Amino acid sequence: MDPDIWFRDECYQIQGAVFEVYREMGCGFLEAVYQECMKAELSKRGIPFLAQQELKIFYKGLPLQQTYIPDFICHDAIILELKALASITTVHKAQVMNYLKATGIRLGLLANFECYPKATVERIVL
């Protein structure tokens, strides 16, 4: 494993929480159900997070009226975006990249619960 991977241990903890929610719930629920389950699982595991925290977006240093509300910000440094879709496309990955650019956060995890036989988590780095 690359020793230079950002937040390796923190990502491992978050991925463990994602996989535990999937083991318990399986696929087929709406994203909102997985958000609620993730909130409980992150709390249970002692992973620091903010759920649906409104973030300011900037354009060339100027704050915009539009804001972004990520599913979770974990460890004050990782955006965790949840999906419950048959497949993740480049559009979903670009969405996370845009969130990273807009907020200045450098690392995102894109978790999808609608995959069978297991959930997927993709690491996205800016």
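A short reminder: the numbers here are calculations on the coordinates, not readings from a lab. Fair warning: this is a prediction, and the values are worked out from it, not measured in the lab. Note: ideal-geometry Cβ built from the backbone for every residue, glycine included; neighbour counts use all protein chains shown.
Applying 1/(1 + (r/R0)^6) with r as the Cβ-Cβ distance of VAL33 and HIS75 and R0 = 25 angstrom yields a FRET efficiency of 0.55.
Over the stretch 62-126, the fraction of Cα-Cα pairs per 10 Å bin, rounded to whole percents and listed from the shortest bin up, is 21, 53, 23, 3, 0.
All distinct Cα pairs of the stretch 25-99 go into the 1/r average, and the inverse of that average, the Kirkwood radius, is 13.9 Å. Scan the stretch 1-82 for trypsin sites (Lys or Arg not before Pro) in coil per DSSP, keeping those whose Cβ has at most 11 other Cβ atoms within 10 Å, and list them by number. Passing both the DSSP loop test and the Cβ count: LYS60. In the structure displayed, which of LYS56/LYS83; LYS60/LYS83; LYS93/LYS118; LYS44/LYS83 lie more than 25 Å apart, Cα to Cα? Among LYS56/LYS83; LYS60/LYS83; LYS93/LYS118; LYS44/LYS83, the Cα-Cα distance tops 25 Å for LYS60/LYS83. Springs join every pair of Cα atoms under 10 Å in this Gaussian network model of the chain, and among LEU64, LEU30, LEU55 the largest mean-square fluctuation is at LEU64. In a fully extended conformation the segment linking MET97 and LEU62 would gain 10.7 nm over its present Cα-Cα distance, using 0.36 nm per residue.
If you wrap the Cα atoms of the chain in a convex hull and average its projected area over all directions, you get 8.2 nm². Between SER43 and LEU85, the distance separating the two model label sites (each 7 Å from Cα on the Cα→Cβ line) works out to 2.9 nm.
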